[in-house]
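These notes are about the structure you will find just below.
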Amino acid sequence: MDSVSLSYLTVTRRKLHALAELSGEEYKTSAFIVDELKSFGYKPKTIGTGVYCDAGKGNGRLAFRADFDALPIKENVAVTGCDFAAEGEVMHACGHDGHTANLLNLARIYSITPPPVPLRFIFQFGEEGIGGSETMIDGGVLDGVDEIYALHLCPELDMGKVGYCYGGTFAGCVEFDFEITGRAAHCATPEKGADAIRAALYVADAAIKIAEDKGLLINLGKIEGGAARNIVAQSCKCFYTLRFFDSAACEEVMLNIERALIAADERYGTSHRIITNAVYPPLINDALSVDKVRKVMGDAAVAVPPRYTAEDFSNYLLKVPGCIVWLGTGKDGMRSPLHSDTFAFDEKALLLGTELFQKLVDFRAGRKA
């Protein structure tokens, strides 16, 4: 990859890093992407704050997707040494600025030399918790597409490596809360109340056992409830995440958790309400697509295990074959985990991302890998 690409990747990634905006609020970032694509001669279209455009003519397009939302994290500049950090408590702590810079670089290259096959560049908003991929798909972003690829930065993987995984690669995720309503009373006369916290703890014990018996990962990350130490709690809210690779098992677990809530109401005289905030299906990589990545990347491609993190690229893979891979960014002094306030990477790592996508284009065109 030439020095022009490294220069473009560095400058663009740093501009995006400084723009950092939360899911669904990426107006400046979206406008930046649109302007870049127009400067290359494309005619970008928008779906919400999402953006896409095509290169080459014909159906059966090969698509590449990048996401560009950030996280509600204040960057620890003292550690990252970053003089282009975003203002406020917003940070590209999951590498989405790198994903987007990489895809813009690919678009730049194919604006100079037209691609040998028809392509679609997809820039997706709202990956972090609001399922932007569903909105993009509903807006027609996969119309005419028959294969799709994406990458995700990975500080645990050495720079210069691409990590692949067959089948289930990212877990499915259900983020849900339940609100339990009871009746307040003095702790000296508990029979006059209905203890929402006791009901919540009863359900928590049941939910953990239900999930673990099915081999699913469940986490109760936050509990809010009660008024004072000597008052029977009138209300309690619990915040859960459930991670899974088996969708049928997930449905069964959620049904049994609902039964546990009903049992708690009968036992403690409470009532409940379940609030589902986000549902991502498990991300299942297409085996033939993974084979292509391994073929074109040779020794740079290494096998990695699945993770219990979630990725809404899974929704695209329910519609068309494709895969997501990990792009190594790990090097001395730059191995802070994703979603941390010290996450940082060297833009040189993105060169391999552009190379990977170009090689997949050439492979589809029948050119020698």
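Pairs are defined by a Cβ separation below 8 Å, a sequence spacing of at least 6 or placement on different chains, a first member in the range 19-32 that is over 13 Å from residue 88 (Cβ atoms) and in contact (Cβ under 8 Å) with a residue 24 or more places away in the chain, and a second member that is polar (S, T, N, Q) and in a helix (DSSP H, G or I); the pairs so defined are 29/100. Taking every residue in the range 273-293 that is acidic (Asp, Glu) and pairing it with any residue that is open to solvent by less than 50 Å² (accessible area, probe 1.4 Å) and not in a strand (DSSP E or B), at least 6 positions away or on another chain, the pairs with Cβ-Cβ distances below 9 Å are 286/317; 286/320.
Report yes if some residue within the range 28-50 is of a type in the set (Phe, Trp, Tyr), under 22 Å from the mean Cα position of the chain (by Cα) and surrounded by 15 or more Cβ atoms within 10 Å (Cβ to Cβ); otherwise report no. Scanning the range 28-50, I find at least one residue that is of a type in the set (Phe, Trp, Tyr), under 22 Å from the mean Cα position of the chain (by Cα) and surrounded by 15 or more Cβ atoms within 10 Å (Cβ to Cβ), so the answer is yes. In contact with a Phe, Trp or Tyr (Cβ under 8 Å, 6 or more places away or on another chain) and at pLDDT below 95 - does that describe any residue in the range 272-279? Checked against the condition, which is being in contact with a Phe, Trp or Tyr (Cβ under 8 Å, 6 or more places away or on another chain) and at pLDDT below 95, the range 272-279 yields at least one hit.
All conditions in (1) of a type outside the set (Lys, Arg); (2) open to solvent by 10 Å² or more (accessible area, probe 1.4 Å); (3) closer than 24 Å to residue 108 by Cβ; (4) in contact with a Ser or Thr (Cβ under 9 Å, 6 or more places away or on another chain) hold for residue 342, with the sole exception of (3). Out of the residues in the range 299-318 that are touching a residue at least 24 places away in the same chain (Cβ under 8 Å) and out of contact with any strand residue (DSSP E or B) (no Cβ under 8 Å at 6 or more places or on another chain), state the one that is surrounded by the most Cβ atoms within 10 Å (Cβ to Cβ). Filtering the range 299-318 for residues that are touching a residue at least 24 places away in the same chain (Cβ under 8 Å) and out of contact with any strand residue (DSSP E or B) (no Cβ under 8 Å at 6 or more places or on another chain), the one surrounded by the most Cβ atoms within 10 Å (Cβ to Cβ) comes out as 318.
Looking across the range 345-369, the residues that are surrounded by fewer than 16 Cβ atoms within 10 Å (Cβ to Cβ) and either at pLDDT below 95 or in contact with a Gly (Cβ under 6 Å, 6 or more places away or on another chain) (or both) come down to 365, 366, 367, 368, 369. When restricted to residues that are charged (D, E, K, R), out of contact with any helix residue (DSSP H, G or I) (no Cβ under 8 Å at 6 or more places or on another chain), open to solvent by 60 Å² or more (accessible area, probe 1.4 Å) and farther than 16 Å from residue 262 by Cβ, the range 172-208 contains 3. Scanning the range 319-339 for residues that are open to solvent by 30 Å² or more (accessible area, probe 1.4 Å) and within 12 Å of residue 292 (Cβ to Cβ) yields a total of 1.
The values are calculated or read from the model by the stated rules, or taken from the named source; none is laboratory data. Everything quoted here is computed from the prediction, not taken from an experiment. So basically every Cβ, Gly included, is an ideal-geometry build from the backbone, and we count neighbours across all protein chains shown. Side chains are part of the model used for accessible areas, which takes the heavy atoms of the whole protein and leaves out ligands, DNA and RNA. Shrake-Rupley method; radii C 1.70, N 1.55, O 1.52, S 1.80 Å.
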